[in-house]
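Asks: Dropping the structure in here first, questions after.
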Amino acid sequence: MSVSGYTDLREKLQSLYRDSPKESGKRKHPASDTEEEATAEQEEEEACKVRSGIQQLRLFTPEECARIEAKIDEVVSRADKGLYREHTVDRAPLRNKYFFGEGYTYGSQLQKRGPGQERLYPKGEVDEIPEWVHELVIRRLVQHRLIPEGFVNSAVINDYQPGGCIVSHVDPIHIFERPIVSVSFFSDSALCFGCKFQFKPIRVSEPVLFLPVKRGSVTVLSGYAADEITHCIRPQDIKERRAVVILRKTRNEAPRLETKSFSSSYNPERLSGSKRQHVLKPKRSHRKADPDAAHRPRILEMDKEENRRSVLLPKPRKRSNFSSENYWRRSYESVDGYGEIGEDEGSPARKVKMRRH
């Protein structure tokens, strides 16, 4: 994807930081050494709180990662073919999201903006968790006692392209229980805590804590890291394609959209089995239909151009100056098999018999 000539958001960010003008107006007084030390202590204290709620483990070998990554590619392929239900797939620039088990509204999808407004979709609006997620990912987490048996009922795959990002957020506390478990694939990346995003143009502040995330590693968030501080993925931290499988459990009391008020084109019969397809609705036109249009000869743009030239340049030209097949066909048809073709200026015009082939 190209944004104003940039191949991804990382290049745009770098250019903005490089070319940004200095702030105008009154200069702020430089902070004293005491103030700087107090600020540094506060930041370190908060970073320690964040670390206390993070557990990381390098769990999957490169061979196991490759096997799971092939399965993720299959998910992408099935989504491109329209084989999933409508709300299973959520596409955004440089990032695609695939909901399984449970899906929920967020961001611009919310009817009323703000934290706490997220809602689960009605049951059946997203596809079930694929069997390979249970076999290859969830089972390993249970074996290592990172999550209890039967904990996961929501799996989300986020597929990032270079320069993709996800803004600072807290996983909705009223929707999901803790812990929040994520497993990384395809490449190394980083998770940042406490960043602030600004847009138009996009800018990201320095994080309270920068957490490297390796391919094949498991990251478990709980406590302060999950509830008291935001986390994000910055554009500059996605240097290659990266996918993350997020495993969570929804709360029994989590609010859910009502089926009767839920506007959806989901049709179980249409989406059953291998016949699942996206229905493309024809675009409506405000122009009235002309019943005689089909019986009129089509006028090509090149024909229009030749007609215009014939008005501006009434004198005939050499045949070699025109390569348009339509021009010569029209010349033949205009004389019904016979015509007059002039030669160069100064040469007498002569009649030439032309036989229609």
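Asks: Once both labels are modelled 7 Å past Cα along the beta-carbon direction, what's the Gln42-Asp73 spacing in nm?
Replies: It is 5.0 nm.
Asks: Accessible area of region 63-188 with a 1.4 Å probe: how many percent of it is carbon plus sulfur?
Replies: 48 percent
Asks: In square angstrom, rounded to the nearest 10, how much accessible surface does Thr259 have for a 1.4 Å probe?
Replies: Here the residue's solvent-accessible area equals roughly 110 Å².
Asks: Do the alpha carbons of any pairs in Lys71/Lys214; Lys81/Lys239; Lys49/Lys196; Lys49/Lys97 sit beyond 24 Å of each other, and which pairs?
Replies: From Lys71/Lys214; Lys81/Lys239; Lys49/Lys196; Lys49/Lys97, over 24 Å: Lys81/Lys239; Lys49/Lys97.
Asks: What ranking of Thr230, Thr39 comes out by heavy-atom accessible area, probe 1.4 Å, highest first?
Replies: Highest to lowest solvent-accessible surface, that is Thr39, Thr230.
Asks: For Ser184, Ser168, give the ranking by accessible area with the largest first, probe 1.4 Å.
Replies: Ser168, Ser184
Asks: Under 5 Å between amide hydrogens, which residues at least 5 positions from Glu102 or on another chain qualify, with H placed 1.01 Å from N in the peptide plane?
Replies: Ala155
Asks: Something else now. Roughly how many Å² is the accessible area per residue of region 89-210, as a whole number, for a 1.4 Å probe?
Replies: Per residue, region 89-210 has an accessible area of 45 Å².
Asks: When the Karplus curve 6.51 cos²θ - 1.76 cosθ + 1.60 is applied with θ = phi - 60°, which whole-Hz ³J(HN,Hα) does each residue of region 230-241 get, with x for Gly and Pro?
Replies: 7, 10, 7, 10, 7, x, 6, 9, 10, 8, 9, 4
Asks: What is the log10 of I(q)/I(0) for region 34-82, computed with the Debye formula using one identical point scatterer on each Cα and no solvent, at q = 0.15, 0.18, 0.22, 0.27 Å⁻¹?
Replies: Debye output, listed in q order: -0.65, -0.71, -0.82, -0.93.
The values are calculated or read from the model by the stated rules, or taken from the named source; none is laboratory data. Because the structure is a prediction, the values reported are computed rather than measured. Neighbour counts are summed over all protein chains in view; Cβ atoms, including those assigned to glycine, are modelled from backbone coordinates with ideal geometry. These area figures cover heavy atoms from the full protein model, side chains too; ligands, DNA and RNA do not enter into them. Shrake-Rupley method; radii C 1.70, N 1.55, O 1.52, S 1.80 Å.
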